[in-house]
Amino acid sequence: MPVFLKQGPSLANKGLRVMVMCAIAALAIGCKQAPEAKPKLAAAPVDAAQVITKDIRVADEFNGRVWATNDVDIRPRVTGYIDRIAFREGQTVRKGDLLYVIDPRPYKDAADNARAQLDREHAAADFAKIQEDRAQRLKASDAVSQEELQNRGSDLLQSGARVKAAEAAVASAELNLSYTEVRSPIDGRISRTQLTLGNLAQADQTVLTTVVSVDPVWVYFDCDEQSYLRFQQRAHRGSGVGSENPVRVALADEQGFPHAGHIDFVDNQLNPSTGTIRARVVLPNPDHLLTPGLFARVQLESSTPSQAILIDGKAVLTDQDRKYVYVVGPGNTAQRKDIVLSGMSDGLRIVKSGLTPEDRVIVGGLQLIYFPGAPVSPKTTSMDASTEAIATIAAAGKK
């Protein structure tokens, strides 16, 4: 009998499977697309300017107040009733101008009485002199005693003393009489009157009005500790902030700093609670524009120039609390540099740190730079103060 053996899968079936699997693999490989090359970014057209390096006077700004160099409370020196007011409220007065008249009649009577008393004492002194001369003549012939001679001499001395006392009384009475005319002790602008006609003014107590000087004026300001130390280090021969530091002042509604003055006083110690030191500017005020009490902005410059890097303000960008600019880096790429700014000079921003004199800062086309390292096509331009920076300065001057 024929014997049938049980066989596994035929070779043909195995080959078919292999072919199917290979076909599937080839189909899968064929479905995959070759990776596309990233498109090359076009260089952004930008304007680049070389930073400006020059010697400038570093300037800081401070807030201050205008003060009068003289501020006088006008008080009467004698007691009496106001008899006359001889000024117009708010007007400018000169030293010695008549302001008030206090009823002079009681003081005129007192002066007349003192002068009469002086005449009486002069007469008594003349009589004592005659008596003393007579006693001297009689003494030569021993017709008068020594005691009588001494009495006559004593009477003469006492009469002379009474004359001096009477003269002092006359001077005092005449001085009080002159005080009934209250005059301005300084040049300046007068305030309103505190007493009207007929009111009683008490000597050395009642304030009749005030007079403040108007030319020149003082501007007091507080300089912070860091600025003070910086100016002190740069000052001539280490003398600190002083008259050699150029200083200019502006009022609240003025642009720039049109008023030039000089520092004549710096306090001898810093206030530890505020970290500031007080200084004073003397400012000419011939047109009387600067009124005591006005707010003022003070620009204080260093006494000696120092080298600084200046850039256009429109090149400065902000990243939270940091300032930065883009510079043209190797291969014409935009490289970010963080900077520290320090004031302005001629409409340009002063860079305290972060840039070198060789840097070319991108000042135009910044909106086309999407990330640091982006390719740029720089066009050389000049580093001029932008209209935006000038507008910023003008706006700051109006605040």
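Express the accessible area of the stretch 197-348 per residue in Å², computed with a 1.4 Å probe while the remaining protein chains stay in the model.
Computed with neighbouring chains in place, this is 49 Å² per residue.
So who's got an amide H within less than 5 Å of the one on V58, skipping anything under 5 residues away but keeping other chains? H placed 1.01 Å off N, in plane.
For V58, whose amide H was placed from the backbone, the distant partners under 5 Å are S302, S306.
If D253, D312 are ordered by their accessible area, calculated over protein heavy atoms with a 1.4 Å probe, which sequence runs from highest to lowest?
The ranking, largest first, comes out as D253, D312.
Less than 14 Å Cβ to Cβ from R115, Lys/Arg counted +1 and Asp/Glu -1: what total charge do the surrounding residues give?
Net charge in that neighbourhood comes out at -4.
Quick one: work out Rg over Rh on the C-alpha atoms of the stretch 166-214, Rh as Kirkwood radius.
Using only Cα positions, Rg/Rh for the stretch 166-214 is 1.07.
In square angstrom, rounded to the nearest 10, how much accessible surface does S178 have for a 1.4 Å probe?
Roughly 60 Å² of S178 is accessible to a 1.4 Å probe.
The values are calculated or read from the model by the stated rules, or taken from the named source; none is laboratory data. For clarity, every value in this text was computed on a predicted model and none was experimentally measured. Counting neighbours? That spans all protein chains shown, and the Cβs are built from the backbone with ideal geometry, glycine included. Side chains are part of the model used for accessible areas, which takes the heavy atoms of the whole protein and leaves out ligands, DNA and RNA. Shrake-Rupley method; radii C 1.70, N 1.55, O 1.52, S 1.80 Å.
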